[in-house]
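What follows is a set of notes on a single structure, which appears directly below.
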Amino acid sequence: MRVKRGVTAHKRHQKIRKQTKGFTKSNRSSIRRGRQANTKALQYAYRDRRNRKRTFRSLWNSRINAAARANGTTYSRLIADLKKNDINLDRKVLADLAVNEPSSFEAVVKTATKK
């Protein structure tokens, strides 16, 4: 008996169409182009999940530096003093303090820089 493949192929095509929802032009409507575009999109997503960490660390460093300079020191001196005085606050927490609770950040700076 002959096996007709229409159901399986249609299901596979629908899966690709669902994944390419929001893409433009033939990337959405063509199955072949859609499969290629989706593969590339997944590669970019994988890469950029790692790049996001890099970008945020850079942002945190900028915020810490701005707040540190407002308190009379620099980013590099502040980080060195924190390490020297064994204050274990990561950059994410320091940046959050600098933006949302300047008085707490100022207290951390004073504690770190006192001789």
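Here the dipole of the range 55-115 is about 240 debye; that uses its Cα centre as origin and unit charges on the Cβ of Lys and Arg (positive) and Asp and Glu (negative).
Solvent-accessible surface of the chain, averaged per residue with a 1.4 angstrom probe and all protein chains in place: 80 square angstrom.
Among 103, 72, 55, which residue has its Cα furthest toward the positive end of the charge dipole of the range 37-115, with +1 on Lys/Arg Cβ and -1 on Asp/Glu Cβ? Farthest along the dipole direction, towards plus: 55. The C-alpha radius of gyration of the chain, expressed as a fraction of 2.2 N^0.38 Å, stands at 1.93.
Any idea what diffusion coefficient the range 49-115 gets from Stokes-Einstein, in µm²/s, Kirkwood Rh on alpha carbon pairs, 10 °C, 1.306 mPa s? Translational D for this selection: 133 µm²/s.
Residue pairs exceeding 30 angstrom between C-alpha atoms, taken from 21/92; 53/84; 11/40: 21/92. For the chain, a Gaussian network of Cα nodes joined below 10 Å ranks 105, 23, 56 by mean-square fluctuation, and the top entry is 23. The accessible surface of the range 1-86, taken with every protein chain in place and a 1.4 Å probe, is 52 percent carbon and sulfur.
The relative contact order of the range 16-115, computed from alpha carbon pairs under 8 Å that lie at least 6 residues apart in sequence, is 20 percent. Dipole size of the chain about its Cα centre, with +1 on Lys/Arg Cβ and -1 on Asp/Glu Cβ: approximately 1660 debye, rounded to the nearest 20.
The values are calculated or read from the model by the stated rules, or taken from the named source; none is laboratory data. Everything numeric in this text was worked out from a predicted model, so none of it was measured. For neighbour counting, all protein chains shown are included, and Cβ atoms are generated from backbone atoms with ideal geometry for every residue, glycine included. Remember, those area values only see protein heavy atoms, side chains included, never the ligands or the DNA or RNA. Shrake-Rupley method; radii C 1.70, N 1.55, O 1.52, S 1.80 Å.
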